[in-house]
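Notes for the one structure printed next.
The values are calculated or read from the model by the stated rules, or taken from the named source; none is laboratory data. Since the structure is predicted, the reported quantities are computational estimates derived from the model, not experimental observations. Note: ideal-geometry Cβ built from the backbone for every residue, glycine included; neighbour counts use all protein chains shown.
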Amino acid sequence: MTKNKKQSVKYKQTTVYVITNYPIRPKICSACSRESKIDLHHWKYEWETKEVKKNPILALKNTQPLCMHCHRIANAMKLVDENSDIVQQITKKKEEKWET
Ligand SMILES: [Zn+2]
């Protein structure tokens, strides 16, 4: 068994440390299998930063190790997904209008 290591994870603007022997950042991209510099992509930021600071493992939830190339695609996919429902966009705009 390999030794536990203090590994840094970025969550929004904050860096937290998770102590584990699990390789958080492997050398291979989980999408294209290329060997490259790997980033952790957050599909979702579910928690407030203060909660993540208290329990750093939360910073790894909803993450996936991706190379720079796939990370860029994943970020675009996230935006596509967020804006995918045109009806929601219309009603959201309406609500905003009603609010003012
Ligand atoms: Zn990749």
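Taking Glu51 as the residue in question, decide whether it is of a type in the set (Asp, Glu) and either at pLDDT below 90 or in a strand (DSSP E or B) (or both).
no
Identify, please: which residue in region 23-34 is out of contact with any Asp or Glu (no Cβ under 6 Å at 6 or more places or on another chain) and either within 16 Å of the ligand (Cβ to nearest atom) or part of a helix (DSSP H, G or I) (or both) and is, among those, modelled with the lowest pLDDT?
Arg25
Can you tell which of Lys6, Lys12 is exposed (fewer than 13 other Cβ atoms within 10 Å of the Cβ), among the charged types (D, E, K, R) and within 12 Å of the chain's Cα centre (by Cα)?
Lys12
Of all residues being over 17 Å from Lys12 (Cβ atoms) and surrounded by 14 or more Cβ atoms within 10 Å (Cβ to Cβ) in region 35-63, which is farthest from the ligand (Cβ to nearest atom)? Just the residue, please.
Among residues in region 35-63 that are over 17 Å from Lys12 (Cβ atoms) and surrounded by 14 or more Cβ atoms within 10 Å (Cβ to Cβ), the one farthest from the ligand (Cβ to nearest atom) is Ile38.
Within region 10-19, is there a residue that is in contact with a strand residue (DSSP E or B) (Cβ under 7 Å, 6 or more places away or on another chain), in a strand (DSSP E or B), farther than 15 Å from Thr63 by Cα and within 16 Å of the ligand (Cβ to nearest atom)?
Checked against the condition, which is being in contact with a strand residue (DSSP E or B) (Cβ under 7 Å, 6 or more places away or on another chain), in a strand (DSSP E or B), farther than 15 Å from Thr63 by Cα and within 16 Å of the ligand (Cβ to nearest atom), region 10-19 yields no hits at all.
Can you tell me which residues in region 23-48 are more than 24 Å from Met77 (Cβ to Cβ) and in contact with a Ser or Thr (Cβ under 9 Å, 6 or more places away or on another chain)?
If the condition is that a residue be more than 24 Å from Met77 (Cβ to Cβ) and in contact with a Ser or Thr (Cβ under 9 Å, 6 or more places away or on another chain), then Pro23 is the only one that fits.
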